[in-house]
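Student: Quick one: the structure is below, and I'll ask about it shortly.
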Amino acid sequence: MSLLQHKGALFYHSIHEKKVTHFRAWKKGKTWLYLGMTLALFVGAISPVALPFMGDDGMLTVRAATTSSATLVPGQAYDTGNHTSSNGQVNQTSNYTTGSTDGHTVTNGNWFDLVNDTASTVGYATFNGAVDTSQAFSMSAQIKIDDGTLGNWHNTGDALGFVLTPASSSQLATNVKTATGANLGINGLANSVFIGRDLYSNISNPADVDGTTSNGWVAGGGSVIAIRNTNSTGALQGADYSSLGSSATGTGNQNTTNGTAYMDAPDDTYTLGIKTGTPSQVTEAISISWTPDATNTAPAGLISGTLSFTLTPQNSGNATKTITTHLNLQDAITFGFLGGTGGNYGNLSVSLNSSTGTLVKGTSTVNVNYINAITNQAIASMPLSTIKANIYDTIGVVATSPNAADTYDYTAPTVRGYTISTISSPVQVQNYTSGSTNPNAINVYYSPNTNDSSTFNFTGSATAVTAQTYTSVTTDSAMPSSLSSDLTAKVPAGYYISAIKSTNAAYDGSTDAGVTGSTTAATLSAFLAAHPNEYNIDSTGTAYNYQVTLTPLTQTATFTYNWATNTPGTNGNAGALIPFGNPATTSLLGSSAETGGTDSSIANPNPNLPIWTTAPTATANPFAASVLSNNLGWQLTNPVTQTALGSYSGSPYEVATSATDKAGTTTTAIKNGSSTGQTFESSGNATNVSMSADPLTYYLTNSSTNTYQAGGNTFSTQVLPNSTNLIWTTLAVDSSGNPLTDDPNFGESGSPSRGYFANQGDVISNQLAGSPLADETSSATIALNATVQGLTNVNGSGKTYYLTGGYSYTDDTVSSKTATKAYNTLTHYATWSDLLAAHPNVTSSDPVIAMEVALDQTQLISKAEDEITVGTTYNPVSDLTAGLDRDGTNADNAFSTVNGPVQVKITDSSGNVIDAANVSSKTGTYTVTYTALNGAGYTAYQKWLLTHADGSVSDYLATLSADENADQTVSSTTLLTVTDDTALSSNSQHTISKILDYQPESDLISAFDADGQDNDSNKNTVNGNVVLVSITDKNNQTVWQGLSTDTLPANTLSAGTYTEHYTALTGTGQLAYQNWLTTHTDSSVSEYLTTLTSDERAANTVSTFTQLEVIYFELPHAGGLGLSTLLALATLCGFLSLSGLAWRSRKEDQ
């Protein structure tokens, strides 16, 4: 290094020598660079025989592979052996791989010149092998640090020493480019260690990688020795050099358990025991030793143990220093040396002269993969082979002759059905980080033999099945992806594949035992599991042949008897079953099953069929033909669509059987006569057929359904409910539920004793036997051209009737609506619940339900207009003038209840809803709307309460639409006016004397409260508050303010013209003021007014004004001076008079 280069460093030490002895100096230059230490990996775990043989001179010599070590067998492991190294190998520079970031030649004899006086440079030397860390090892060498003739060796660079890493030499070479300076060459390499001189302390506040500025330590060059490590992500772990103390004697970091240790190790010159300085260069002995733990505590792939570093200084007077740490190393590590410079630089070298070392070679595994050259996939029948070899050995796999350039060669296996195609190049065994991908692999590629075809022949079925053939079949190729679907598609209905076997011999001469299965899918799955690929065969071109065995399936015919899913009273349906038969019952027989081979006849399980022997009657057996032919009002049900058929039966139920034919088509049959029946396809369309017996017997004698078939053979017999019509109408009744006979709008000619409503409702059709009666009031009244709530304009009367909530019921059977509607057995029920209690379900044909109605006489009337004064209490009830309930009475003598509580809504002119308690708080015009339930609304409300307990009329009305509100309520409106007549008046002008007192109330003329009256006969108070007064001058400046009852003392006002303002709260303002007082207790009116805007003040107050003229009191023509003179003369005259009297009195005394 030149003197110029050291100028800054020399200057620094000359002025800081005493202060920073034993401490780090600042790095040279403003932009200091860290020299990334290049990891020189000593390959100490390079796979046991990976190191070449050792020559007599200690040089590594190449072992030529003149013979094959072995012929590989797939799935087996091999070991090259030769895993022990000698001292002569590690102390020869020729056994190392070297490099530097500036490209200079590192090797110089038996020296490594790692850095040659250049800044920001890294040089490295890695041993051509690896170290096995499961065994103890040691290594010694010498380092030389040279800063030039006039330099200080502290300033020579960043680092110089050993490096241990699981990375390969090439990975280290790549990493050092970005691991200069403070990175010590290892930052970025996982689980790596630097051991040696850390020549530059990178410390700062906040903490840098080497710690903080404290105890007198500053960033700069120095004499620290350190063991530094990285974590599993490659991050360099931090240190704290300043913890060594101000005298650099701290010992707390010399023996650690965290992979990081350091201490200060000076190498200064001494004369007669006195330090004379720090030389420019030193040559120091260094050594490391590793001792693995007796019991390994590290994770897999790592070894736990103790690592020590010792440095012996060159100059006497400096003690030998040793640091030790406990850590985990990978089981095979790369070993070497590195040196690096940053802004400080010089010459950094390592000498192997006198170097010693004891190492066990590190090993790695070489994977040999056997690959199908066509598919580029591993051959399933040939698992990989493994070879344990020394790291740095060259391992090859050959087809025939070995390769002399390799350390070890192995012969690839030969396989029938394949020909070796290519073998990948030999590999020089590399070290690699545990957990990463193994780079040591050799692939042997085999070309499979190609054959003509693969054929699957079928056997075992009654019907011949064509073979399945595939062409261009290749040895060990995967079975066709469509094999399962192709073979399955060829299986005849009613059969399954029970066995498959190859009729060819395998490549090894074995024969196939075949696979079996209980189903086609199971057999195919087992076959593909056993034969994922085509069999290997010899090269004669023989085709692959397989035998597929078919076996008939056993079929089952099932017979079920059940109620149809929609039958009321079963299957979770509401309603109840109607007993039938003699004795009456609702029970059905259970299920049965018969088995047989495909295409064999299905036996009729007669003992399991339902048998009805009772003579058919309208109330007994519902399944006999004679009953089905009767016309008693029940309608047969279409068994598919479950809609009513046009014919009638005398029973509420019928029987239907469904069956599936050979084609998989399902039809359903019913019997509707002595020798006839109908079948229904899936859409419900009917076809007439001959049917002498029951529907099940019909199917078991039919050629399309009388044999076992795959996927068919299901016979389901159901009992289905027939249907009827439910007639709804209306009936006018009195308050006791008796039909009216004198209502002119009800009653019909021919039936004077029953007053039925003229507009009969439509029927509710398709009411299933046993189904629960439903409340059809809503739909029935719609059919009657009325609303649910009211029946209007009955027979043109213009009147409104309401549903009373009562019902009349009859079981009289009619086939259709009649003109006379002669229902003579009506029974009255007060509520729908009462009717349901007596008749919960449909049990007869054509029942009739009459909704009972009455004339609605609801009335609600209110005043057209009303007026109140602001602030007064308003009760909306006071404006109601009439109220009648739906029956035309007012039983409670209260207008506020009409068929329930009358609802009141008050709105202002903008439509905003106002509470009645607040309506008088503000003047204006309001609309009071009164609403009550009419007769229809009352009925609907009572029904609503059944599901809304404690719901109010208001709650109910909120659920209605506008139209529903109109139908169910009556209403009336009142126009309410709220007035405020507050008034205040005063004199327009008043002249007063300046020297006299003045009372503002003297100019008040009148004051009236909100109701227009002076209620307290006191002009000083308005709406309960004293009138406020303020006086302003001609410049509109307030000169006095107070109350009208106050007195202005004489001379309060100067002579001039003033405006006197009288202000009082209106009725509205008084209400607002009282509300304000709730949060401003004891505050005055004047304080309240200060919170208002000008517009708010104008809206809440009344005012009047008086013009005041204030004058002096003067004698005529005297003016102010004359008055003063006059007073003086009067005073003088009085004095003279008193004096004269005194003189005269004294005279008289004399």
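Read-outs: derived from the displayed coordinates by stated rules, not from any lab. Please read these numbers as outputs of a predicted model, since none were measured by experiment. Using ideal geometry, Cβ is built from the backbone for each residue, glycine included, and neighbour counts are taken over all protein chains shown.
Student: List, in order, the whole-Hz ³J(HN,Hα) value for each residue of the range 262-268 obtained from phi through the Karplus relation with A = 6.51, B = -1.76, C = 1.60 and θ = phi - 60°; use x for Gly and Pro.
Tutor: 6, 6, 8, 9, x, 9, 9
Student: Further question on the same structure: Pull up all non-local amide H partners of L645: gap of 5 or more, or a different chain, and H-to-H distance under 5 Å with H placed in the peptide plane.
Tutor: Amide H neighbours of L645: L636, T637, N638.
Student: Collect residues whose amide H, placed 1.01 Å from N in the peptide plane, falls under 5 Å from the amide H of V853; neighbours closer than 5 in sequence don't count.
Tutor: L731, A732, V733, T804
Student: Right, another one. Cβ neighbours within 10 Å, averaged per peptide: list 918-929, 117-128, 270-281, 363-374 in order, most packed at the top.
Tutor: Highest to lowest by the protection proxy: 117-128, 363-374, 918-929, 270-281.
Student: Still on this structure, I have one more. Would you mind checking which residues have amide H under 5 Å from G99's amide H? H placed 1.01 Å from N; only 5 or more apart, or other chain.
Tutor: For G99, the qualifying residues are Y124.
Student: With a sphere of radius 12 Å drawn around the Cβ of Y1062, what net charge do the other residues whose Cβ falls strictly inside it have (Lys, Arg +1; Asp, Glu -1)? Kindly include the intermediate steps, with their values, before the conclusion.
Tutor: Values: positive: K1019; negative: E1001, D1003, E1060.
Charge balance near Y1062 sits at -2.
Student: Relative to the present Cα-Cα distance, how much length would full extension add between S601 and S988 at 0.36 nm per residue of separation? Don't skip to the answer; put the middle values down first.
Tutor: Values: separation 387, 0.36 × 387 = 139.32 nm, distance 12.70 nm.
Going from the current span to full extension adds 126.6 nm.
Student: What does the charge count around T637 come to, taking other residues whose C-beta lies under 14 Å from its C-beta (Lys +1, Arg +1, Asp -1, Glu -1)?
Tutor: On the way: positive: K671; negative: E654.
The answer is 0.
Student: Could you go through the range 1011-1021 in sequence order and give the Karplus-derived ³J(HN,Hα) for each residue, using 6.51 cos²θ - 1.76 cosθ + 1.60 with θ = phi - 60°, rounded to whole Hz, and x for Gly and Pro?
Tutor: Those phi angles translate into 7, x, 10, 8, 5, 10, 6, 9, 5, 7, 10 Hz.
Student: Still on this structure, I have one more. What order, most packed first, do the peptides 332-342, 975-985, 512-522 have when packing is the mean number of other Cβ atoms within 10 Å of each residue?
Tutor: Details: 332-342: 32.5, 975-985: 18.5, 512-522: 15.1.
Per-residue Cβ counts within 10 Å, averaged per peptide and sorted highest first, yield 332-342, 975-985, 512-522.
Student: Under a straight-distance cross-link criterion of Cα-Cα below 12 Å, which aspartates and glutamates are reachable from K1019, leaving out those fewer than 8 residues away in the same chain?
Tutor: Partners within reach: E1001, D1003, D1009.
Student: Sticking with this one: Determine the gain in length on full extension of the stretch N1018-A864; use 0.36 nm per residue of separation and subtract their C-alpha separation, reporting nm with one decimal. Can you show the working numbers first?
Tutor: Numbers: separation 154, 0.36 × 154 = 55.44 nm, distance 3.69 nm.
Working it through step by step, the gained length comes to 51.8 nm.
Student: Report ³J(HN,Hα) in whole Hz for each residue of the range 872-886, in order, from the Karplus equation J = 6.51 cos²θ - 1.76 cosθ + 1.60 where θ = phi - 60°; Gly and Pro get x.
Tutor: Values per residue, Gly and Pro as x: 7, 6, 10, 10, x, 4, 5, 9, 7, 10, 7, x, 10, 6, 4 Hz.
Student: Related question: Would you mind calculating the gained length between T471 and S518 on full extension (0.36 nm times residue separation, minus the Cα-Cα distance), in nm to one decimal?
Tutor: Values: separation 47, 0.36 × 47 = 16.92 nm, distance 2.95 nm.
Gain on extension, T471 to S518, equals 14.0 nm.
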